[in-house]
Amino acid sequence: MTIMIAPSILNADFSRLGEEVTAIATADRVHVDIMDGHFVPNLSFGPDIAKTVDQLTDQHMEFHLMIEKPELWVERYIEAGADTVIFHAEATSDPVALAHDIHARGARAAFAVKPGTPIEPYLKDLSDFDQVLVMSVEPGFGGQSFMTDQLDKVRTLRTYIDENKLDVLVDIDGGVNLETIKLAAEAGVDVAVVGSAIYKSGDPEATIAQLREILA
Ligand code: DX5
Ligand code: ZN
């Protein structure tokens, strides 16, 4: 099965946002990291910049909301162009209700888990989601090292999804590069988020091609 590459624009040069989005045109989707300075100790940007990114490309947009009270914001981010809304399971009391709200507004619904959050309590609700994101770093910053122990969660999800014949994608996010993508692929991910490895390489398109060669 082919693995989708989702460049995270968090590490892009924002003074050249148009060129930076064009540079990842061969990717499968675009990963947009929204941080509020509360749920994570960093601040990125809000719906207006996210909308600008969406308008620069026809690619599928997954918006990763690292924010408190995501239920108050999904409407704004769907208006801004999110095709998939990824909220953190830790940030809301009723993830399933929020998934239903996202679906009613016409977007795909996903939840993310931080490294310290076990996946088992969420397995029974997986059929309400289109995608699950496993964080392989503590959320908040690009350029951190891949946490190999998080691959156990990917394996648990892969087994559960396959055994129950669910239509749910597994996303890995944080520290994915030309080395660690092999481990993620072996564990069974469907989508690999890649930030600094693509944007700090000097040639995003060539790096995407290299990642695809490794996965082939
Ligand atoms: C971290 C973000 C990631 C990050 C990925 O909180 O969710 O999407 O930008 O960047 P790298 O690939 O550099 O870890
Ligand atoms: Zn992310």
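Kindly evaluate residue 175 against the criterion of being open to solvent by 20 Å² or more (accessible area, probe 1.4 Å) and in contact with a Phe, Trp or Tyr (Cβ under 7 Å, 6 or more places away or on another chain). When the stated conditions are applied, residue 175 passes them. For the range 194-206, the criterion of being under 26 Å from residue 98 (Cβ atoms) and either within 11 Å of ligand 1 (Cβ to nearest atom) or not in a helix (DSSP H, G or I) (or both) is met by at least one residue.
Of all residue pairs spaced 6 or more apart or on separate chains, those with beta-carbon atoms under 8 Å, a first member in the range 137-148 that is over 16 Å from residue 183 (Cβ atoms) and a second member that is open to solvent by 60 Å² or more (accessible area, probe 1.4 Å) and within 6 Å of ligand 1 (Cβ to nearest atom) are 138/144.
Of the numbered criteria (1) on the phi > 0 side of the Ramachandran plot; (2) out of contact with any Ser or Thr (no Cβ under 7 Å at 6 or more places or on another chain), the one residue 161 fails is (1).
Restricting attention to the range 121-167 and to residues that are among the charged types (D, E, K, R) and outside any helix (DSSP H, G or I), the residue that is surrounded by the fewest Cβ atoms within 10 Å (Cβ to Cβ) turns out to be 165. Taking the range 64-115 as the range and being within 20 Å of residue 169 (Cα to Cα), open to solvent by 30 Å² or more (accessible area, probe 1.4 Å) and within 16 Å of ligand 1 (Cβ to nearest atom) as the test, the residues that pass are 90, 114. Would it be correct to say that residue 179 is charged (D, E, K, R) and either more than 16 Å from ligand 1 (Cβ to nearest atom) or under 18 Å from residue 33 (Cβ atoms) (or both)? No.
For residue 116, indicate whether it is of a type in the set (Gly, Ala, Ser), over 16 Å from the mean Cα position of the chain (by Cα) and under 22 Å from residue 192 (Cβ atoms). Answer is yes for this residue.
The values are calculated or read from the model by the stated rules, or taken from the named source; none is laboratory data. In this text the structure is predicted, and so the values were computed from the model without any measurement. Methodologically, a virtual Cβ is constructed for each residue, glycine included, from the backbone with ideal geometry; neighbour enumeration extends over all protein chains shown. Just the protein is used for accessible areas: all its heavy atoms, side chains included, with ligands, DNA and RNA removed. Shrake-Rupley method; radii C 1.70, N 1.55, O 1.52, S 1.80 Å.
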